[in-house]
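The values are calculated or read from the model by the stated rules, or taken from the named source; none is laboratory data. Because the structure is predicted, anything quoted here is derived from the model rather than measured. Here the Cβ is made from the backbone with ideal geometry for all residues, glycine too, and neighbour counts use every protein chain on show.
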Amino acid sequence: MANLFKILVLAGLGYALMTGLIFVTQDRLVYMPSSNLTGTPERIGLDYEDVELVTADGVRLHGWFVPSPQGEESPVLLFLHGNAGNISHRLHSLQLFHELGLAVLIIDYRGYGRSAGRPDEAGTYADARAAWEYLTEARSIAPDSVVVFGRSLGAAVAADLATGVEPGAVILESAFTSAADLGARHYPWLPVRALLRHEYDTLSRIEAITAPLLLAHSVDDEIVPFAHTERLYAAAGQARLLEMEGGHNEAFLATGDAYLEGLRAFLTEAGIELDEP
C-alpha cells in the first residue's frame, strides 16, 4: 500500500507539473509564427504593395495589398490567416482570390512575419481592426465593398471584427466554436477550460454578425472537426454553408473548382460585384 501511495503521489505531482508547464507555455501551442518570408506575390505573377499599419495600441504591422484585375473600383478581401507561419505561406489563396476579381489586403498579426510585438487574443483583434481602418479610412474603400475573410484562428478574429463593423460579406473558413472546445478535444486529459487564457469564442459572436455570412469547412478536417461549423451554422440564424474536402490545411486546394465557384456564388448573392468567370 505504501508503494502504491508513493506512485499515486508521484503521478499526481507529475501531472500537476505538466499542467503547470502547459499553462505557462500555452502561447506556443496557440501561436506558431514564422519571421521568415519565403516569397512575395511577385513570385506568382501578382503585383503588390508593401503595407505598414500601426494599431491603436501602437504596434507596427506588415502586410501586402494585392490589387484586383478589375482595377481600383473592385471589392477588397481582408484576409486574416491562421495561427502558423506568416503571409508568405498564403500565396495559393492570394492567387485564387485574384482569379475571383478581388483585391486583397493580407496582414501578419503582431509577432508574425515582419510585424512587431507578440501575439495575444486582444492583440489579434486590434490587428484586424487596424487593417479594417486602413482599408476604409486610409484607402477610402466603402465598407460594403469589403469582404472579411478568416481561416482557422483567423475565422475567430474575423468573427470578432464583423460584430463591430459592417462589411459587405463575411467568410469564415475552417472555423472552430471556441479555443476551449477545440483544446478539450485535442487534450482530453487536461483541464483545458480552466487553463486556457485565450477564448477565441466564435460561437458567442456569430449571431451578432449581420452581414451576409458564408461558413466553409471540410468534412475531412482532422484538426477542427466539421461539427464545429455545424454548431456555428445552427447558431448563425442566416448563413450559407460550403462543404469542402481534404485536410485542414489544404482543403481549399483539395476542393478545387467547387471551392472557387462556391465563393463566387456566395459573393454574387451578397451583392459583391465580381468579374465574369
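Just checking, does region 60-71 include any residue being touching a His at 6+ places or on another chain (Cβ under 8 Å), modelled with pLDDT under 95, among the polar types (S, T, N, Q) and surrounded by fewer than 23 Cβ atoms within 10 Å (Cβ to Cβ)?
Filtering region 60-71 for residues touching a His at 6+ places or on another chain (Cβ under 8 Å) gives 66, 68-69.
Going one step further and asking which of them are modelled with pLDDT under 95, we end up with 68-69.
Remaining after also requiring among the polar types (S, T, N, Q): 68.
Now narrow it down to the ones that are surrounded by fewer than 23 Cβ atoms within 10 Å (Cβ to Cβ): 68.
There is at least one residue in region 60-71 that is touching a His at 6+ places or on another chain (Cβ under 8 Å), modelled with pLDDT under 95, among the polar types (S, T, N, Q) and surrounded by fewer than 23 Cβ atoms within 10 Å (Cβ to Cβ).
Take ASP57 and tell me if it is modelled with pLDDT of 95 or more, loosely packed, with under 14 Cβ neighbours inside 10 Å and either more than 22 Å from the chain's Cα centre (by Cα) or among the hydrophobic types (A, V, I, L, M, F, W, C) (or both). Spell out the reasoning first.
Values: modelled with pLDDT of 95 or more: yes; loosely packed, with under 14 Cβ neighbours inside 10 Å: yes; either more than 22 Å from the chain's Cα centre (by Cα) or among the hydrophobic types (A, V, I, L, M, F, W, C) (or both): no.
Spelling it out, it is not the case that ASP57 is modelled with pLDDT of 95 or more, loosely packed, with under 14 Cβ neighbours inside 10 Å and either more than 22 Å from the chain's Cα centre (by Cα) or among the hydrophobic types (A, V, I, L, M, F, W, C) (or both).
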### Task
Give just the number: which of (1) of a type in the set (A, V, I, L, M); (2) surrounded by fewer than 19 Cβ atoms within 10 Å (Cβ to Cβ); (3) more than 23 Å from GLY71 (Cβ to Cβ) does LEU260 not satisfy?
(3)
### Task
Confirm whether LEU182 is buried (at least 21 other Cβ atoms within 10 Å of the Cβ), in contact with a His (Cβ under 9 Å, 6 or more places away or on another chain) and farther than 25 Å from ARG264 by Cα.
yes
### Message
So, in region 113-140, how many residues would count as being farther than 18 Å from SER74 by Cβ and either in a helix (DSSP H, G or I) or among the acidic types (Asp, Glu) (or both)?
### Response
13
### Task
Filter region 107-142 down to the residues that are under 17 Å from the mean Cα position of the chain (by Cα) and over 20 Å from VAL30 (Cα atoms), then identify the one that is surrounded by the fewest Cβ atoms within 10 Å (Cβ to Cβ).
ARG129
